[in-house]
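Colleague: Please read through the structure below; I'll follow up with questions.
Read the figures in this text as sums done on the coordinates, not as results from a lab. The structure displayed is predicted, hence computed values, not measured ones. Note: ideal-geometry Cβ built from the backbone for every residue, glycine included; neighbour counts use all protein chains shown.
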């Protein structure tokens, strides 16, 4: 069984969640886990102005995914920062390039899941995840979220991400807040949970 975690990250928050999701997915016996990123669409000039260039060096070693390779995996977990309550442009461009896969039903029956980051507590985590789920449904994915079996999203003692639709983190307006221990644990739970369901569905 193979699981792909494919993400876009501006300042590294989504990458950190991706690593935690991979940790959880690797706990499932017989699961090969791969992490890749989607192509950048912004110019170097814009990345420099936003301060993203330096932050992205932390994961520039991660290989870039191609749309066609999605068909090789049993489960795919997508990570994106929120842009106005929706997918970021880089991830949307990647998804828009999967039309050939859609036309031949190459992703039908695969397990899909998503995770996000926002600048603020109410910056569109759930709307972004649900928007992503809509795209996955068009491809025929079996969607997996982050169920309340993970009790970390039940507390109110601290500011934290985590929704029943998928793992999430609050990054701060300037990207100054790193994913908390609770948010990373939610990501690990989602990675393990998604891989476990994919393994059950792959049994012949």
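Colleague: Could you list, in sequence order, the residues of region 162-204 that are under 17 Å from the mean Cα position of the chain (by Cα), over 12 Å from residue 16 (Cβ atoms) and assigned to a loop (DSSP other than H, G, I, E, B)?
Modeller: Matches in region 162-204: 162, 164, 165.
Colleague: If you scan region 94-144, which residues turn out to be touching a residue at least 24 places away in the same chain (Cβ under 8 Å), under 17 Å from the mean Cα position of the chain (by Cα), farther than 21 Å from residue 183 by Cβ and in a helix (DSSP H, G or I)?
Modeller: Result: 94, 95, 135, 136, 139.
Colleague: Which of the residues that make up region 149-169 are within 20 Å of residue 122 (Cβ to Cβ) and surrounded by fewer than 19 Cβ atoms within 10 Å (Cβ to Cβ)?
Modeller: Here is the first cut: in region 149-169, the residues within 20 Å of residue 122 (Cβ to Cβ) are 152-169.
Within region 149-169, 154, 155, 156, 157, 158, 159, 163, 164 meet the criteria.
Colleague: Looking only at region 35-56, decide whether some residue is in a helix (DSSP H, G or I), on the phi < 0 side of the Ramachandran plot and under 15 Å from the mean Cα position of the chain (by Cα). If you could, list the steps in order and put the result at the bottom.
Modeller: Keep residues of region 35-56 that are in a helix (DSSP H, G or I), which gives 44-50, 52-56.
When the remaining residues are screened for being on the phi < 0 side of the Ramachandran plot, the result is 44-50, 52-56.
Those still in the list that are under 15 Å from the mean Cα position of the chain (by Cα) too: none.
The answer is no; no qualifying residue exists.
Colleague: Restricting attention to region 70-89, and to residues there that are touching a strand residue (DSSP E or B) at 6+ places or on another chain (Cβ under 8 Å) and in a helix (DSSP H, G or I), which single residue is nearest to residue 45 (Cα to Cα)?
Modeller: In the first step, residues of region 70-89 are kept if they are touching a strand residue (DSSP E or B) at 6+ places or on another chain (Cβ under 8 Å); the result is 70, 72-82, 87-89.
Among the residues that remain, those that are also in a helix (DSSP H, G or I) are: 70, 72, 89.
Numbers: 70: 30, 72: 35, 89: 17 Å.
Residue satisfying both the conditions and the ranking: 89.
Colleague: With respect to residue 116, is the statement that it is touching a helix residue (DSSP H, G or I) at 6+ places or on another chain (Cβ under 8 Å) and surrounded by fewer than 21 Cβ atoms within 10 Å (Cβ to Cβ) true? Show your work before the answer.
Modeller: Details: touching a helix residue (DSSP H, G or I) at 6+ places or on another chain (Cβ under 8 Å): yes; surrounded by fewer than 21 Cβ atoms within 10 Å (Cβ to Cβ): no.
No.
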